[in-house]
Amino acid sequence: MEKNYDNEMKIEFISNPNNEAFARISVASFVASLDPTIEEISDIKTAVSEAVTNSIIHGYENTRGLVKIKARIIHNTIELEVIDNGKGIEDIERAKEALYTTKPELERSGMGFTIMESFMDEMQVKSTVGEGTTVFMKKIIKN
Amino acid sequence: MNITYDKENRLLKFEMTEEIDHCMAEKIRSKADFEIQEHTPKKVLMDFENVSFMDSAGIGMILGRYKTAKMVGSTLNITNVKPRIKKVLEMSGVLKIIPIVEE
């Protein structure tokens, strides 16, 4: 009998940097049922960390806001959405350029989107200035 | 983060934390800069033995400390990097400036 791993979860937390670790661990725990390799978990945690950090540093920029993560497991695929209602991205294509950052003073490397794109199988960004940003990511867990 | 200074060899060593994300990088930044400016070592070595997670915030942190070290005339290297951490480092090209050394 084929096991049905389909599952869904949603978490929401305030834009406190201490929640970056909480977000990683939460998503990693949720994906555990797919029995991913250490490398797959590491890739997912890193991508989540990048997206959440972007929401905190860029989306909310020191203001207090909510970051939401929705996760879905469909067969052996993990789908993630990292959502904020922050200031939004003016030029998404520019933001996705490797090494481009609007916050060099925070020692940001501008590699966030590059890492998300490399570590996940699919990544899309939707954003509206003044309303917020959603990052969609997908990864197939090979088993 | 454990910090040791070998006065004889003028080697300042940082034992990096288990996780290096934006939150941790902020905490490491000022502490590490203070130690580098305080001791003005010949060499700075970041030991990644205990590091099991790092995202791009770690890249910015390493580059920032490299600049601080350079300002006081010190070299900076990294060592004991796990494969999944190396993956993130390679993506940024930082290894071309700061190669991984054997401890």
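The values are calculated or read from the model by the stated rules, or taken from the named source; none is laboratory data. This is a predicted model, so every value here is computed, not measured. A quick note on method: Cβ atoms are made from the backbone with ideal geometry, for glycine too, and the neighbour counts reach across all protein chains shown. Accessible surface areas use protein heavy atoms only, side chains included; no ligands, DNA or RNA. Shrake-Rupley method; radii C 1.70, N 1.55, O 1.52, S 1.80 Å.
Restricting to helices (runs of 4 or more DSSP H) lying wholly in the range A:1-106: which have 2 or more residues that are on the phi < 0 side of the Ramachandran plot and more than 14 Å from every other protein chain (Cβ to nearest Cβ)? Full working, then the answer.
Details: elements: A:19-31, A:38-54, A:92-96.
In the range A:1-106, A:19-31, A:92-96 are the helices (runs of 4 or more DSSP H) which contain 2 or more residues that are on the phi < 0 side of the Ramachandran plot and more than 14 Å from every other protein chain (Cβ to nearest Cβ).
Can you find, within the range B:51-71, the residue that is nearest to the other protein chains (Cβ to nearest Cβ) among those that are open to solvent by 40 Å² or more (accessible area, probe 1.4 Å) and farther than 21 Å from A:Val48 by Cα? Step through it out loud before you land on a result.
Going through the range B:51-71, the residues open to solvent by 40 Å² or more (accessible area, probe 1.4 Å) turn out to be B:52, B:63, B:66-67, B:70-71.
From what is left, the residues that are farther than 21 Å from A:Val48 by Cα are B:63, B:66-67, B:70-71.
Details: B:Leu63: 7, B:Tyr66: 11, B:Lys67: 9, B:Lys70: 15, B:Met71: 15 Å.
Looking at residues that are open to solvent by 40 Å² or more (accessible area, probe 1.4 Å) and farther than 21 Å from A:Val48 by Cα, I get B:Leu63.
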Being within 14 Å of another protein chain (Cβ to nearest Cβ) and part of a loop (DSSP other than H, G, I, E, B) is the filter; apply it to the range B:7-47 and report the residue that is most open to solvent (accessible area, probe 1.4 Å). B:Glu18
I need every pair where a residue in the range A:29-49 that is farther than 14 Å from B:Asp55 by Cα and touching a residue at least 60 places away in the same chain (Cβ under 8 Å) has its Cβ under 7 Å from the Cβ of a residue that is open to solvent by 20 Å² or more (accessible area, probe 1.4 Å) and in a helix (DSSP H, G or I), sequence separation at least 6 or different chains. A:Val31/A:Ile41
Which of the residues that make up the range B:65-89 are of a type outside the set (A, V, I, L, M) and in a strand (DSSP E or B)? B:Thr75, B:Asn77, B:Thr79
What number of residues in the range A:59-102 are open to solvent by less than 30 Å² (accessible area, probe 1.4 Å), touching a strand residue (DSSP E or B) at 6+ places or on another chain (Cβ under 7 Å) and under 23 Å from A:Asn16 (Cα atoms)? 13
